[in-house]
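One structure below.
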Amino acid sequence: MTLRSKFSLLGAAAVGLMAAGCHTDMWVQPKHHHPYQESDLFADGNSSRPLPEGVVIHGKAKLDDAKYTGRENGKLVNRLPDTLTLHRETVDTRKDLLKVIERGKERYNIFCSHCHGATGDGKGMIALRGLSLKRPPGNFHTDRLREMELGHFYDVITKGYGVMYPQASRVKPDDRWAIVAYIRALQMSQNMDAATLSPEELSKVEASSNMAPSAKPSGAAK
Ligand code: HEC
């Protein structure tokens, strides 16, 4: 046997011994696998310990309830949070609503339009073409959803609704609100009383759309 092969034999034996040693020790150590598992170590018989008094959540503390739940005192809110961080920029939603809506449009088109359609009528491409859903994607242009508090839309994005799965892992809370603002804008865009538009607004609508009859004030449509 050469010196070299003697060494490799020794090495192999050592590795084998070490692995066997470590392995067994860690395999049989006492541990609790589940929260609140029974334990004979603590007097209350519970392996989970209560939080010490005054403890503060580390990291992603969600202290602003309405912003993270869409509810205030259990009731759905009907306004946007005052500020949102959109694409790393802090936006005042009361002064810069257009910016919020533009971000919302971008996110909506990425995360929602394939099911709900570009206008929110529920006729998105994959809903029409392939995905077999137990129920069709919601149409946002119903009286119920037009009158619905903004918090509901936030809630649906966060937790899902019926057969719609939650989008929380894909869309951050601030972006969810931007989408909510855009949905409301979509709802208004499909249900506007043309008589409330200024002549300039009306001519813009007519220039950008061939569906003029519904966009004209009732008196002028002859
Ligand atoms: C994979 C397809 C799909 C995607 C993506 C999707 N939805 Fe839905 N959505 C559905 C379906 C299906 C329903 C109807 C659920 C039901 O009635 O059980 C629904 C329902 C809804 C409703 C109606 C809730 C109500 O009160 O009736 C809202 C609002 C909504 N979705 C918002 C969104 C938003 C915002 C996004 C993007 C962030 C989104 N959805 C992404 C499929 C989808």
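Within the range 59-76, find all residues whose amide N lies under 19 Å from a label point positioned 7 Å from the Cα of I110 along Cα-to-beta-carbon. Hits in the range 59-76 for I110 at 19 Å: none.
Remark: relative contact order (the range 92-191) = 34 percent; criterion is Cα-Cα distance under 8 angstrom and separation of 6 or more residues. With a simple spin-label model that places each label point 7 Å from the Cα along the Cα-to-Cβ direction, the separation between T142 and L63 comes to 4.0 nm. Rg over Rh for the range 92-191 works out to 0.95, using Cα positions for both radii and the Kirkwood form for Rh.
Taking 21 Å as the cut-off for C-alpha to C-alpha distance, list the pairs among K123/K172; K105/K134; K134/K172; K62/K159; K123/K204 that go past it.
As for pairs spanning more than 21 Å Cα to Cα, those are K123/K172; K105/K134; K134/K172; K123/K204.
From the Cα gyration tensor of the range 93-135, with a ≥ b ≥ c the square roots of its eigenvalues, which class applies: rounded if a/c is under 1.5, or else prolate if a/b is larger than b/c, or else oblate? Prolate, because a/c is 1.5 or more and a/b exceeds b/c. Computed from the Cβ-Cβ distance with R0 of 41 Å, the FRET efficiency linking E72 to D40 stands at 0.35. In a DSSP loop and with at most 16 other Cβ atoms within 10 Å, there are no chymotrypsin sites (Phe, Trp or Tyr not before Pro) in the range 53-123. For G151, what charge total do you get from the other residues with a beta carbon under 14 Å from its beta carbon, if Lys and Arg give +1 and Asp and Glu give -1? For residues surrounding G151, the net value is +1. Length gained on full extension, V56 to D92: 10.1 nm, using 0.36 nm per residue less the C-alpha separation.
Taking Cβ atoms as reference points and 12 Å as the exclusive limit, the residues near A66 contribute a net charge of -1, counting Lys and Arg as +1 and Asp and Glu as -1. Each peptide in 128-139, 176-187 was scored by the mean count of other Cβ atoms within 10 Å over its residues; highest first, the order is 176-187, 128-139.
All of the numbers you see were taken from the coordinates with simple rules; none came from a lab. Owing to the predicted nature of the structure, the values given are computational and were not obtained by experimental measurement. In this analysis, Cβ positions are derived from the backbone assuming ideal geometry, glycine residues included, and neighbour counts consider all displayed protein chains.
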